[in-house]
Structure formats: C-alpha cells, structure tokens
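This report concerns only the one structure given below.
The values are calculated or read from the model by the stated rules, or taken from the named source; none is laboratory data. Remember, it's a predicted structure, so these values are computed and weren't measured experimentally. So basically every Cβ, Gly included, is an ideal-geometry build from the backbone, and we count neighbours across all protein chains shown.
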C-alpha cells in the first residue's frame, strides 16, 4: 500500500520519524498506533462497529473520514460526543 510522504517536513509519531520507515514499518505503526473511522465502514455493517474497530487497539491517534457525515443529527451528535470524550480522556 503506497502512502504519500511529506516533501518538506517530517511526521513524527511518538518520537518516531515516520518518513524514514519502510512500508512494513509504516504498516506496523498504522496497526499499533492509529485507529481509522471510515465513512463507508469498510466491511463493517454499522458505523458503531466501525468506531469500535478503530478503538480496539487503544490507538493514540484516531482519524475519522467524516464519521458523522452519513448519519442523522442525533447519531452524529452521539458520535462526536464519543470522540470528544476520548479526546478529553487522552
């Protein structure tokens, strides 16, 4: 899986310069330290399942691709409440 690399700077995750890592090392960083919430759920049938999957490894970083974009207002508010609480808890 090809990922773009920064051209004029570096990206550090927990003091690791990710721009110096090979593809396998980057995959390990993504697996261990980053949770992704996709708008299209990527093989999970519900958004709540996608959120649970993204939190399963207790990542330090959560990236959401418009996690509240395709839901009603109440569900969107609930999702944002969860993400804000996680942010507050660190």
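Is the stretch 22-39 home to any residue that is within 15 Å of the chain's Cα centre (by Cα) and either in a loop (DSSP other than H, G, I, E, B) or modelled with pLDDT under 80 (or both)? Yes: the stretch 22-39 contains one or more residues that are within 15 Å of the chain's Cα centre (by Cα) and either in a loop (DSSP other than H, G, I, E, B) or modelled with pLDDT under 80 (or both).
Candidates 67, 59: the one that is surrounded by 12 or more Cβ atoms within 10 Å (Cβ to Cβ), touching a helix residue (DSSP H, G or I) at 6+ places or on another chain (Cβ under 6 Å), within 9 Å of residue 35 (Cβ to Cβ) and without any contact (Cβ under 8 Å) to a residue 40 or more places away in the chain is 59.
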